[in-house]
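This report refers to the structure that appears directly beneath it.
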Amino acid sequence: MHPLSTPLGEIIAAVSDTGLCALEYPRPERRRLLDARLRRWFPEAEVVEGATAAHEPIRTWLGLYFAGDAPPHDAIELDLRGTPFERSVWRELLRVRDGRTETYGGLARRLGRPTGARAVGLAVGRNPASIIVPCHRVVGAGGALTGYGGGLDRKRWLLAHEGVAIGAAPQRLAFEPAS
């Protein structure tokens with residue numbers, strides 16, 4: 001695992017031999033979730049701290065994204081492990097393009113589960129690859145901003161960065177330091 005610098009503070013990137021398996025904010029509750037996820041889905045893996053060559057495409061992708069370019073999501077090899085339903089939700093998230101939002105109910109309908117907004121919300125909350133798998137683009141019914149693992153300030157910033165008009169975009173935000 002390796003922390004990468006972004007305009008929103010550090011974000012931890014974890015890679016397997018196959019690809020990116022986690023991109024997570026280092027908030028204490030998110031770090032606990034990340035550690036539990038790695039133990040569950042990568043039980044034989046040894047967690048090693050530090051940068052590897054596999055982190056470079058992620059650093060490049062994030063650099064392009066934060067510079068205002070729209071890097072293709074398929075430029076990063078992903079090794080996202082979860083339940084079949086979670087993986088179906090994450091694949092659907094990849095279809096929500098920059099500058100657009102989708103509701104939990106809309107995602108549920110697109111997945112053929114018209115009453116499954118709550119289950120979709122849980123799967124979105126378990127997205128292991130924040131920003132690259134754009135869970136920040138999911139909003140509540142009527143466009144209300146709802147939970148985000150990095151906090152609503154980051155979600156608001158990301159959406160404003162992508163040109164989504166959600167209230168007045170703050171010009172400067174302060175985030176907690178990495179732990």
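The values are calculated or read from the model by the stated rules, or taken from the named source; none is laboratory data. Computed from a predicted structure; not experimentally measured. Glycine gets a Cβ as well: all are built from the backbone with ideal geometry, and neighbour counts include every protein chain shown.
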Legend entry - Criterion violated by N127 - all others in (1) assigned to a loop (DSSP other than H, G, I, E, B); (2) assigned by TED's automatic domain parsing to the domain that holds R32; (3) closer than 18 Å to G19 by Cα satisfied: (2)
Inset, instruction - Only one of these is of a type in the set (K, R) and farther than 23 Å from V164 by Cα: R40, R109. Name it. - result: R40
Inset, instruction - Find all pairs meeting these conditions: Cβ atoms under 6 angstrom apart; at least six residues apart or on different chains; first residue within segment 80-94 and over 16 Å from S16 (Cβ atoms) and without any contact (Cβ under 8 Å) to a residue 40 or more places away in the chain; second residue of a type in the set (K, R) and surrounded by 15 or more Cβ atoms within 10 Å (Cβ to Cβ). - result: E92/R110
Inset, instruction - Please give the number of the condition V120 fails out of (1) in contact with a Leu (Cβ under 6 Å, 6 or more places away or on another chain); (2) β-branched (V, I, T); (3) not in a helix (DSSP H, G or I). - result: (3)
Inset, instruction - Considering only segment 147-161, state which residues are surrounded by 16 or more Cβ atoms within 10 Å (Cβ to Cβ), touching a helix residue (DSSP H, G or I) at 6+ places or on another chain (Cβ under 8 Å) and not in a helix (DSSP H, G or I). - result: Y148, G149, G150
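Those residues that are buried (at least 18 other Cβ atoms within 10 Å of the Cβ) and more than 26 Å from P3 (Cα to Cα), I need them from segment 118-133; list them, please.
V120, G121
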